[in-house]
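Visitor: Structure provided below as structure tokens; questions to follow.
The values are calculated or read from the model by the stated rules, or taken from the named source; none is laboratory data. Source: prediction; values computed, not measured. In this analysis, Cβ positions are derived from the backbone assuming ideal geometry, glycine residues included, and neighbour counts consider all displayed protein chains.
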Amino acid sequence: MIINAITRKRNRGFRRRSIFPLINAAVMILIMFITLYPVLNTIAISFNDGTDAVRGGIGLWPRVFSMKSYETIFQDEIIFNAFFITISRTVLQTVLNVIFTSMLSFALSRREYVLRKLITTAMVLTMYINAGLIPNYLLIQRTLGLGRSFWVYIIPTMFSCFNMIVTRTYILGLPDALVESGRIDGAGDFYLFWRVIFPLTMPVVATVALFVAVGAWNSWFDTHLYNAGKVQLHTLQYLLKMKLATTTNSANAAMTTADAAASTTLTTPVTIRAAITVISAAPIVVIYPFLQRYFVVGLSVGSIKG
């Protein structure tokens with residue numbers, strides 16, 4: 001009887017262990033569907049006819065397929081210039097921010113640097129105390145004279161205090177013997193940083209690069225403040241925002257005329273908004289899988305080490 005009881009207990013434990021993977025897989029599939037549905041629905045709406053999309057009820061596939069929303073967005077040649085400006089600012093801003101932030105992080109992580117605590121504290125205070133929009137505008141527009149120029153996208157964004165803290169925390173977790181052995185061999189600070197420390201910080205560098213690149217790609221308010229009057233410097237996000245506003249105003253005006261039906265047949269704010277969302281998110285969605293491994297490692301290490 002004792003043997004039978006033990007056998008039944010083992011069988012119940014085996015059944016519980018075999019059921020758990022099935023329940024776990026079902027829950028993960030449900031979460032995946034809930035997560036992907038809004039994305040797939042937005043893509044379906046962007047490829048749907050405008051008037052038909054107003055009716056609603058579109059699921060994962062366009063009900064009346066149409067490319068007119070994308071044609072409307074890309075019919076203006078300035079959109080390609082905006083693509084170039086946005087890609088240029090994203091690449092330059094990411095590279096410069098990563099370089100300057102990681103260099104300062106290395107300097108502030110050295111225990112022999114007597115001012116590292118004072119400088120770190122002063123920089124952290126800037127995260128809590130901010131002058132506000134108007135002083136920043138006056139500084140960039142009048143004092144620095146960066147308005148109506150491409151450099152207004154680059155110079156004010158070459159450093160981030162938050163990214164510095166994340167990178168510095170990661171560097172502090174590296175063995176001090178690496179730097180000490182390099183100094184014994186006669187290596188200078190620049191050599192130690194570029195040849196010893198920087199290659200080991202790839203996980204946190206990829207994390208910071210992703211933060212900066214997403215922020216630069218989605219940024220439009222700086223264009224609105226400083227370069228709204230210079231079409232050659234409009235970014236993609238700003239141009240798409242203006243395109244959406246124009247389409248919305250045109251649709252509202254059309255509804256007050258006798259040609260309302262004809263004017264809103266091909267595109268509506270609903271489909272234009274969905275197409276703009278797809279265009280804006282596509283590059284980041286393509287790049288993210290290549291950085292995901294480094295992103296997870298860098299973020300987890302930076303959050304554990306204090």
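Visitor: Mind checking which residues of segment 58-90 are in a loop (DSSP other than H, G, I, E, B) and either surrounded by fewer than 18 Cβ atoms within 10 Å (Cβ to Cβ) or without any contact (Cβ under 8 Å) to a residue 12 or more places away in the chain (or both)?
Guide: Gly59, Leu60, Trp61, Arg63, Val64, Met67, Gln75, Asp76, Glu77
Visitor: Return the total of residues in segment 167-196 being touching a Ser or Thr at 6+ places or on another chain (Cβ under 7 Å) and β-branched (Val, Ile, Thr).
Guide: Number of matching residues: 2.
Visitor: When you scan segment 105-191 for helices (runs of 4 or more DSSP H) that lie fully inside it, which ones turn up with 2 or more residues that are of a type in the set (Ser, Thr, Tyr) and either surrounded by 13 or more Cβ atoms within 10 Å (Cβ to Cβ) or in contact (Cβ under 8 Å) with a residue 12 or more places away in the chain (or both)?
Guide: Those helices (runs of 4 or more DSSP H) span 116-128, 161-172.
Visitor: Kindly indicate whether any position in segment 94-102 is more than 30 Å from Gln232 (Cα to Cα), in contact (Cβ under 8 Å) with a residue 60 or more places away in the chain and surrounded by 13 or more Cβ atoms within 10 Å (Cβ to Cβ).
Guide: yes
Visitor: Sticking with this one: Kindly list, by first and then second residue, each pair from a residue in segment 271-293 that is within 13 Å of Gln237 (Cβ to Cβ) to a residue that is at pLDDT below 80 and part of a helix (DSSP H, G or I), limited to pairs with Cβ atoms under 8 Å and residues at least 6 apart or on different chains.
Guide: Qualifying pairs under 8 Å: Ile276/Lys243; Ile276/Leu244.
Visitor: Looking at Arg148, Arg110, Arg142 in this structure, which one is of a type in the set (D, E, K, R) and closer than 26 Å to Ala213 by Cα?
Guide: Arg148
Visitor: Looking at the structure I just gave you, is Val286 under 29 Å from Ser102 (Cβ atoms), touching a Ser or Thr at 6+ places or on another chain (Cβ under 6 Å) and modelled with pLDDT of 80 or more?
Guide: no
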